[in-house]
Amino acid sequence: DGQTIHELFDGKIGLTYNDFNILPGYIDFAVHSVDLTTHLTRRIKLKAPLVSSPMDTVTESEMAIAMALHGGIGIIHSNFATVQDQVNEVQKVKRYKQGFISRPQCIKPTDTIRDLMRIKAQFGFTGTPVTDTGNVGGKLLGLVTSRDVDFISEKRWGDLIKDVMVPIEKLITAEEGTTLSHAYETLEKEKKGKLPIVNKKGELTSLIARTDLKKARDFPHSSYDEVGQLRVGAAISTRETSREAVRALVAVGVDVIVIDSSQGASLYQIELLKWIKSEFKESPQIIAGNVVTVAQAKMLIDAGADGIRVGMGSGSICITQEIMAVGRAQGTAVYQVSKYARSRGVPVIADGGIRDVGYITKALSLGASCVMMGGLLAGTTEAPGEYFWGPSGVRLKKYRGMGSLDAMEAHTSSNDRYFQNESDAIKVAQGVTATMRDRGSIHKYVPYLVRGIQHGFQDIGVKDLFTLHANVLNGSVKFERRSPNAQLEGGVHSLHSYDKRLF
Ligand code: XMP
């Protein structure tokens, strides 16, 4: 009954996620016991197989922090004005400490209560550190809380902060290096809401808020490096100046570098890959790509790739297959490349075409170790850009292909991804500019994706990704092609209207 994966991909026609179903197996375990631990690269493990795409409408530091907190990882895009801008984003992730506010809003002792009220109205803070410069890094002089000013009548709002603050002599602070649990105990014991952290010189380095600490304990699967910092990746292009970018990114501790190209089998990529591998004593992990054939994958693995990114023209905003006539159906590409890459011990990241949770489970079943998503994450709070209202009253965010004219005109690195010469007057777009509906915060959306994948695994009857891969290969997990009619049947149908809320 059903087909093995090898029968499904018999080589006659390119298939994608929508062309097949996985047949159900036997359930003898609870859904939350499904373990999604996986490899992103040869060396890097993740607790959730989810990666956010290096696109300028998807991944900057805010997205990368949220993805890593939930066990995945974000890859910072490279379409910035300068390399330093990208490095800064990587650093924000690396410096992020759960519960520690690294850039707290501060105030000067010579500012007025009115200034504080403005900060409070804008940010809603209940405790603001007072420093000589009015910024983090300045000498800590005191703390001013709601309690100190709430009952002061508006007539006195011209009074100075230094006259109402709790001065440093009376303040509970902690030294840099304090652990979160120690900070939490201190806050509880002293019944305080805010704990300023200072260095040996008495300068404010960060702030701990009790409310954040409570939230901090909700991320048991976060992706940390060896020294307890969140993991983060960064994309580079194959141009000459990328070597400089690699040095700068490695210097701030980037965990993985993604060589970002729409067609990975190029002299430029292979030379860059070999250079990175030979240049650093301890080379960063490198994900190379994109590829869709075994021959392409072999070239990049031979050159030292630690992970292979698979996909050409399958992304939601992609028009590569239409314009370049080149690409491959994503299901076949993931299956063929994963089969080969596994024999070389290199994980595969299935990139593009993930429309919903089930597509993730399917990509993993075809041999991928992780999936990379652009469109699915582009409408979330943590994606760069502001929301705006669409004509039908839906909240939207912009989402654009990195090969769209829009992105290529913004900066130069997008040109490189698609082998376009910056000075060439004739541009050939390989992507479009679009909008995505509001999907809420990653802090809700990614846990939903994770739980959705766990449910899929439970239905298949496998408790972890290792077992899924093994059982697919040995033929005990079965698949079935589905007709266009079956595809329609699999979606919602025959309804007058329906509520689109999913979680
Ligand atoms: P999804 O389907 O998740 O796809 O939105 C995201 C992936 O699409 C690729 N990408 C592009 N491909 N033209 C293309 O042909 C483009 O302009 C473009 N921009 C992004 C990329 O691999 C991304 O991760």
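For the stretch 274-409, state the average projected area of the convex hull of the C-alpha atoms over all orientations, rounded to one decimal in nm².
Mean projected area for the stretch 274-409: 10.6 nm², to one decimal.
The alpha-carbon atoms of the stretch 362-477, seen along their principal axes, cover 55, 37, 21 angstrom, with the largest extent given first. Provide, for q = 0.11, 0.13, 0.14 Å⁻¹, the log10 of I(q)/I(0) from a solvent-free Debye sum over equal Cα point scatterers in the stretch 33-152. Result of the Debye calculation: -0.57, -0.72, -0.78.
Using packing as a proxy for protection, rank 347-356, 236-245, 50-59 so that the peptide with the highest average count of other Cβ atoms within 10 Å comes first.
On the way: 347-356: 24.8, 236-245: 18.4, 50-59: 29.0.
Most protected by this proxy first, the peptides run 50-59, 347-356, 236-245.
The largest-to-smallest principal axis extents of the Cα set in the stretch 33-75 are 33, 23, 11 Å.
Once the convex hull of all Cα atoms in the stretch 459-503 is built, its volume per residue stands at 112 Å³.
In terms of Cα atoms, the Rg and Dmax of the chain work out to 25.2, 82 Å. Largest first and in whole Å, the equivalent-ellipsoid semi-axes of the stretch 157-218 read 23, 15, 10, each the square root of five times a Cα gyration tensor eigenvalue.
Backbone phi angles across the stretch 336-348, fed through the Karplus curve with coefficients 6.51, -1.76 and 1.60 (θ = phi - 60°), yield HN-Hα couplings of 5, 5, 5, 4, 6, 4, 4, 5, 9, x, 10, x, 10 Hz in residue order; Gly and Pro are listed as x.
At 1.4 Å probe size, with every protein chain present, just tell me what the per residue accessible area of the chain comes to in Å². Show your work: numbers first, answer last.
Details: 23570 Å² over 503 residues.
Each residue of the chain exposes 47 Å² on average to a 1.4 Å probe.
Using the Kirkwood radius built from alpha carbon pairs, what does the Stokes-Einstein equation give as D for the stretch 424-503 at 25 °C and 0.890 mPa s, in µm² per second? This corresponds to a translational diffusion coefficient of 142 µm²/s. Remark: C-alpha extents of the stretch 377-442 on the principal axes read 40, 25, 15 Å, sorted largest to smallest.
How long are the semi-axes of the equivalent ellipsoid of the stretch 82-232, defined as square roots of 5 times the Cα gyration tensor eigenvalues? Whole Å, largest first.
On the way: eigenvalues 165, 65, 42 Å².
Its equivalent ellipsoid spans semi-axes of 29, 18, 15 Å.
Over 30 Å apart at the Cα level, from the set Lys94/Lys201; Lys92/Lys463; Lys45/Lys194; Lys277/Lys478; Lys94/Lys398; Lys92/Lys281, are Lys92/Lys463; Lys45/Lys194; Lys277/Lys478.
For the stretch 433-467 versus the stretch 107-181, the spacing of their alpha-carbon centroids is 42 Å. Computed over the alpha carbons of the stretch 241-330, Rg followed by Dmax gives 13.8, 43 Å. Computed over the stretch 309-361, the P(r) curve from all C-alpha pair distances, binned at 10 Å from the origin, holds 25, 49, 24, 2 percent per bin.
The values are calculated or read from the model by the stated rules, or taken from the named source; none is laboratory data. Treat the numbers as computed from the prediction; the structure is a model and nothing was measured. Neighbour counts run over all protein chains shown; Cβ positions are idealised from the backbone, glycine included. What goes into the accessible areas is simple: the full protein's heavy atoms, side chains included, and nothing from ligands, DNA or RNA. Shrake-Rupley method; radii C 1.70, N 1.55, O 1.52, S 1.80 Å.
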